[in-house]
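Peer 1: After the structure tokens below, expect a handful of questions from me.
The values are calculated or read from the model by the stated rules, or taken from the named source; none is laboratory data. What you are looking at is a predicted structure, and each value in this text was computed from that prediction instead of being measured. Glycine gets a Cβ as well: all are built from the backbone with ideal geometry, and neighbour counts include every protein chain shown.
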């Protein structure tokens with residue numbers, strides 16, 4: 001049985017691939033591609049999931065829009081016997097500068113509708129990997145910002161962040177959350 005479940009948030013339509021809001025889902029797909037994780041859509045959990053080669057991590061993403069992720073995540077946890085404390089949600093975060101990563105245990109939703117949905121369906125003691133996408137500066141521009149694609153000059157920072165994330169996956173797979181936090185937050 002896997003030690004941990006890592007779920008990326010993102011919208012289902014291909015037009016959202018590469019957008020700020022899809023960073024979690026895109027990162028799970030990227031890890032799957034390089035780590036030979038066979039992601040498969042599973043109707044029962046309304047998600048696409050796959051097991052790491054060493055069987056320590058269940059990777060996945062809901063097959064619903066970000067704002068409706070909670071029920072799918074609840075089903076993944078229940079079907080696979082995971083507790084919330086064994087679950088990492090990768091999501092975009094407007095309050096962090098572009099490319100910054102913060103690993104946080106528990107907390108509120110911070111205005112993120114995907115997190116609101118998860119909290120209302122499953123609870124709030126999950127682990128969050130907050131990926132900074134920056135803020136457009138004006139609240140009225142937030143929707144277009146999160147649904148927009150990264151600009152060419154932003155992609156390098158996001159790739160660096162993904163690289164940092166890759167360097168803590170082994171720690172996460174062994175439930176060394178505090179060591180992973182230390183590594184991410186001090187680099």
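Peer 1: Does residue 134 meet the test of being surrounded by 14 or more Cβ atoms within 10 Å (Cβ to Cβ) and assigned to a loop (DSSP other than H, G, I, E, B)?
Peer 2: Considered against the rule, which asks whether it is surrounded by 14 or more Cβ atoms within 10 Å (Cβ to Cβ) and assigned to a loop (DSSP other than H, G, I, E, B), residue 134 comes out as yes.
Peer 1: Could you please give the count of residues in the range 81-91 that are out of contact with any strand residue (DSSP E or B) (no Cβ under 6 Å at 6 or more places or on another chain) and either at pLDDT 95 or above or surrounded by fewer than 17 Cβ atoms within 10 Å (Cβ to Cβ) (or both)?
Peer 2: Total meeting the criteria: 4.
Peer 1: Go over the candidates 58, 51, 39 one by one and state the one that is surrounded by fewer than 20 Cβ atoms within 10 Å (Cβ to Cβ), over 20 Å from residue 107 (Cα atoms) and touching a helix residue (DSSP H, G or I) at 6+ places or on another chain (Cβ under 8 Å).
Peer 2: Exactly one residue qualifies, and that residue is 39.
Peer 1: If the Cβ limit is 8 Å and pairs must be 6+ apart or interchain, which residue in the range 138-165 that is at positive phi and exposed (fewer than 11 other Cβ atoms within 10 Å of the Cβ) pairs with which residue that is in a helix (DSSP H, G or I) and at pLDDT below 95?
Peer 2: The qualifying pairs do not exist here.
Peer 1: Could you tell me which numbered condition residue 75 fails, if it satisfies all but one of (1) more than 27 Å from residue 37 (Cα to Cα); (2) without any contact (Cβ under 8 Å) to a residue 60 or more places away in the chain; (3) surrounded by fewer than 22 Cβ atoms within 10 Å (Cβ to Cβ)?
Peer 2: Looking at each condition in turn, residue 75 falls short on (1).
Peer 1: A follow-up question, please. Could you figure out which of (1) closer than 21 Å to residue 174 by Cβ; (2) assigned to a helix (DSSP H, G or I); (3) more than 16 Å from the chain's Cα centre (by Cα) isn't true of residue 15?
Peer 2: Only one criterion is unmet by residue 15, namely (1).
Peer 1: Test each condition in (1) in contact with a strand residue (DSSP E or B) (Cβ under 9 Å, 6 or more places away or on another chain); (2) part of a helix (DSSP H, G or I); (3) surrounded by 16 or more Cβ atoms within 10 Å (Cβ to Cβ) for residue 185 and report the one that comes out false.
Peer 2: Answer for residue 185: the failing condition is (3).
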